[in-house]
Amino acid sequence: MLAVVYARLLETRHKQMPILNILEFPDPRLRTVAKPVTAVDDRIRTLLDDMLETMYQAPGIGLAATQINVHQRIIVMDLSEDASEPLVLINPEIEILDSETCPNQEGCLSVPGYYETVERPAHIRLKALDRDGTPFELEPEDLMAVCIQHEIDHLDGKLFVDYLSAFKRGRIKKKLEKLHRRQDEPA
């Protein structure tokens with residue numbers, strides 16, 4: 001069910017070149033653990049705007065700063081079909097409210113073209129700062145809860161492929177390495 005919603009959201013967005021470069025697996029910089037933001041200032045707000053624009057153009061529904069080689073605890077998301085509900089999470093922290101997990105089809109801008117089933121809790125409590133540095137809390141469920149956990153994993157140096165078998169992860173890694181080599185060859 002969530003996979004259908006995710007696919008529909010991506011289909012409604014127009015693909016253009018992202019304004020920031022998105023790192024792709026197996027780039028080792030994706031394994032860097034992000035540091036907390038110490039002050040929410042104009043530099044951070046500009047970064048947030050650039051991240052949102054990059055996410056929309058990619059197209060995606062979530063983007064962590066780690067994915068653009070900025071190792072601060074910042075996430076942007078928008079689960080609306082018309083890109084009208086941006087959500088900014090600075091220094092996000094979660095608490096699992098229901099340990100029961102549900103399988104969800106996940107994809108990632110850093111693992112382009114691959115979608116796999118991952119089990120995650122469907123109900124969490126989130127604490128974060130907004131774009132003005134004001135603390136807030138949410139109790140998201142379903143797709144929003146899954147997306148937040150996926151993006152926080154990025155901040156912790158994890159990717160959704162880490163939840164897959166070593167065989168599947170290795171196969172994806174080899175295919176993306178081959179693709180990257182082809183892209184790096186002179187025309």
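The values are calculated or read from the model by the stated rules, or taken from the named source; none is laboratory data. Because the structure is a prediction, the values reported are computed rather than measured. Using ideal geometry, Cβ is built from the backbone for each residue, glycine included, and neighbour counts are taken over all protein chains shown. Surface areas here come from the heavy atoms of the whole protein model, side chains and all, with no ligands, DNA or RNA. Shrake-Rupley method; radii C 1.70, N 1.55, O 1.52, S 1.80 Å.
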Next on the checklist: Residues to consider are 178, 168; find the one that is assigned to a helix (DSSP H, G or I), over 23 Å from residue 55 (Cα atoms) and touching a residue at least 12 places away in the same chain (Cβ under 8 Å).
Outcome noted: 168
Checklist entry - Does at least one position in region 165-187 carry a residue that is within 30 Å of residue 42 (Cβ to Cβ) and either touching a strand residue (DSSP E or B) at 6+ places or on another chain (Cβ under 8 Å) or open to solvent by less than 40 Å² (accessible area, probe 1.4 Å) (or both)? => result no
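Any residue at all in region 28-42 that is on the phi < 0 side of the Ramachandran plot, open to solvent by 40 Å² or more (accessible area, probe 1.4 Å) and at pLDDT below 95?
no
Go through region 103-124 and give me each residue that's open to solvent by 60 Å² or more (accessible area, probe 1.4 Å) and not aromatic (Phe, Trp, Tyr).
Correct list: 103, 105, 113, 117, 119.
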Checklist entry - Residue check: is residue 145 surrounded by 13 or more Cβ atoms within 10 Å (Cβ to Cβ) and either in contact with a Ser or Thr (Cβ under 8 Å, 6 or more places away or on another chain) or in a helix (DSSP H, G or I) (or both)? => result yes
Item to check | Answer from 48, 79 - the residue that is closer than 21 Å to residue 137 by Cα, surrounded by 19 or more Cβ atoms within 10 Å (Cβ to Cβ) and at pLDDT 95 or above | outcome: 48
Next on the checklist: Considering only region 90-101, I want to know if a residue exists there that is under 15 Å from the mean Cα position of the chain (by Cα), open to solvent by 20 Å² or more (accessible area, probe 1.4 Å) and small (Gly, Ala, Ser).
Outcome noted: no
